[in-house]
Amino acid sequence: MQTDILNNFHRLGVTARVLDGKERLALMHGMFHMGDKDKFFFDWKWLPESGLSVKDFIAPTSFSFKTRTFTMGNLYAAMSFLSITASDISDRLLKDFLDMDSSQVVTMHIQSVDQNKAIKTMKRTITELDRSKIEEQKKAVRSGYDMDIIPSDLATYGKDAKALLKELQSQNERMFMVTFLVMSTGRTEQELETNVFRASSLAQKHNCNLRRLDF
C-alpha cells in the first residue's frame, strides 16, 4: 500500500516520503504550537526514564474549548468541514486553501467504497432523485405550470448521478468517502473570524460550502 501511494503521488508530480514515529510527533508538535516558538525536543529513550508519554512532548501549554472557537496556548482556532456540493471540483481548490496568508491546517481523510456498495448507493440516490422529480412535476401541474419545468439543481444532480453510475459500472471508476477539514487560526478572535470568512469565501468560489463545527 505504501509503495502504491508513493507511486501515485509520483505520477502526479508530487514529492512524498514516509514519516517515522518521531517525524509524526514533530508534525503534530508544529500544529499544536503554531502560536509560540516552542521547539520540539524528543528521544524515544527518554520515555522509560521519565515515565512520560509522547503526548507530554507535543501538547500545547493549554487547551480551552468554547462553542465554536477553541484556543491552543495563545492561539485562537476553529474547525470547519467542506460540504462538497459541486458536481466536479478541481485540485485548484486545495491549492487555493494552501495559498492563503493565514496559518491553518488542512486535512483530507479518504476511504474507498466497495464497488458493489457504491453501485447500490448510486442506484438508491437516482431512485430518490426520480421520486423528488415526480413530486416537483405534481406540484407544477397543480399550480398550472409546465410539468417539465423542475428545479435546475434537481435536473443537474440527476444527470450527474446517472453519469457516475455508468462510470462505476463500465469504466472501472471508484467511489470514495472524503472528509475535508480546515482548521483556521488567528492571534485574536477578530483575526480568526476574518480568516474563517476568507476560507468560507474561497470554498464558495468552487461552488462548495465551508461549515463551522462546534465543540
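Structure summary
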| quantity | calculated |
| --- | --- |
| Average projected area [Cα convex hull, the range 12-94], square nanometres | 8.7 |
| Straight-distance crosslink candidates among aspartates and glutamates, where the alpha carbon sits under 20 Å from LYS139 and sequence neighbours closer than 8 are dropped | GLU128, ASP130, ASP148, ASP153 |
| For the chain: relative contact order, % (alpha-carbon pairs under 8 angstrom, 6 or more apart) | 30 |
| Rg [Å, one decimal], Dmax [Å, integer] - the chain, C-alpha atoms | 22.9, 81 |
| THR188-ASN209 FRET efficiency (beta carbon distance; Förster radius 22 Å; 0.05 resolution) | 0.30 |
| Segment TRP44-MET28, length gained on full extension (0.36 nm per residue, minus Cα span) | 4.2 nm |
| Among SER80, SER102, SER50, residue whose mean-square fluctuation peaks in a GNM of the chain (springs only between Cα atoms under 10 Å) | SER50 |
| Heavy-atom accessible surface of the range 66-160: percent carbon and sulfur, 1.4 Å | 51 |
| Candidates per chymotrypsin sites (Phe, Trp or Tyr not before Pro) in the range 21-86, loop by DSSP, up to 10 other Cβ within 10 Å | PHE41, TRP44 |
| Estimated FRET transfer efficiency (SER62, VAL106; beta-carbon r; R0 22 Å; 0.05) | 0.35 |
| Structure-based [θ]222 nm, the chain - -39500 (n - 2.57) summed over DSSP H runs of at least 4, per residue, nearest 500 | -15000 deg cm²/dmol |
| All lysines inside 18 Å of LYS117 as judged from Cα atoms, apart from same-chain residues fewer than 8 positions distant | LYS162, LYS166 |
| Against the rule of thumb 2.2 N^0.38 Å, how large the Cα Rg of the range 71-142 comes out | 1.77 |
| Net length gained if the chain between GLN171 and ARG124 were fully extended (0.36 nm per residue, minus Cα distance) | 14.9 nm |
| Most mobile of ASN172, ASN195, ASN74 in a GNM of the chain (Cα contacts under 10 Å) | ASN172 |
| Per residue value of the accessible surface for the chain (all protein chains in place, 1.4 Å probe), Å² | 71 |
| C-alpha long axis of helix 152-170 to longest principal axis of the chain, angle in ° | 80 |
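The values are calculated or read from the model by the stated rules, or taken from the named source; none is laboratory data. Here the structure is a predicted model, which means the values were calculated and not measured. We place every Cβ from the backbone using ideal geometry, glycine too, and count neighbours over all the protein chains shown. Just the protein is used for accessible areas: all its heavy atoms, side chains included, with ligands, DNA and RNA removed. Shrake-Rupley method; radii C 1.70, N 1.55, O 1.52, S 1.80 Å.
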